[in-house]
Amino acid sequence: MQQLRSDIWCAAFVRRHNDMGNFCVVSRRGDAVAGQIWIEVDHLDGTVSLFTPAPGATMDSPPDYRVFQKRFERTDPLTVKDRIAREIEFDQDLWVLSVDCRTDDLGLDVI
């Protein structure tokens, strides 16, 4: 089964979080069809977390199903910015979503 396009998934994520009162934007647009999605969370206390796709997703999952892992948890913003910049050098198709949220609960499936 084919996975939901990245641009549609990102648009839904941004809309849902803005509707919940969390300021959320697309910081970087990637490949519309199959770009990886990274989510940067500003906790509004000087710390940032980073969620990236989890390795080993199965093809038997529903088309809108994405699993994430927490790469960095409440660390300094420069560490996360540097990691994103290094990934962009490697993968030009990367999407980056930025959300301001005091908690880590983004409604994602996290392993």
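Please treat every number below as a calculation from the coordinates, not as lab data. Predicted model only: the values in this text are computed from it and were never measured. Virtual Cβ from ideal backbone geometry, glycine too; neighbours counted across all protein chains shown.
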In debye, nearest 20, what is the charge dipole magnitude of segment 6-110 about its Cα centre with +1 on Lys and Arg Cβ and -1 on Asp and Glu Cβ, if you could check? 100 debye
Least to most buried among 44, 108, by other C-beta atoms within 10 Å and fewest first, runs 44, 108
Using only helices, what value at 222 nm comes out for the chain when you add -39,500 (n - 2.57) per DSSP H run of length 4 or more and divide by the total residues, to the nearest 500 deg cm²/dmol? -8000 deg cm²/dmol
Which percentage, to the nearest 5, of the DSSP beta bridges contained in the chain is antiparallel? 60 percent
Summed residue charge, Cβ within 13 Å of residue 23's Cβ, Lys/Arg positive, Asp/Glu negative: -1
Nearest 10 degrees, 0 to 90: what angle lies between the long axis of helix 6-19 and the longest principal axis of the chain (Cα atoms)? 40 degrees
Which one of 50, 94, 78 has the biggest mean-square fluctuation once the chain is modelled by GNM with Cα springs under 10 Å? 78
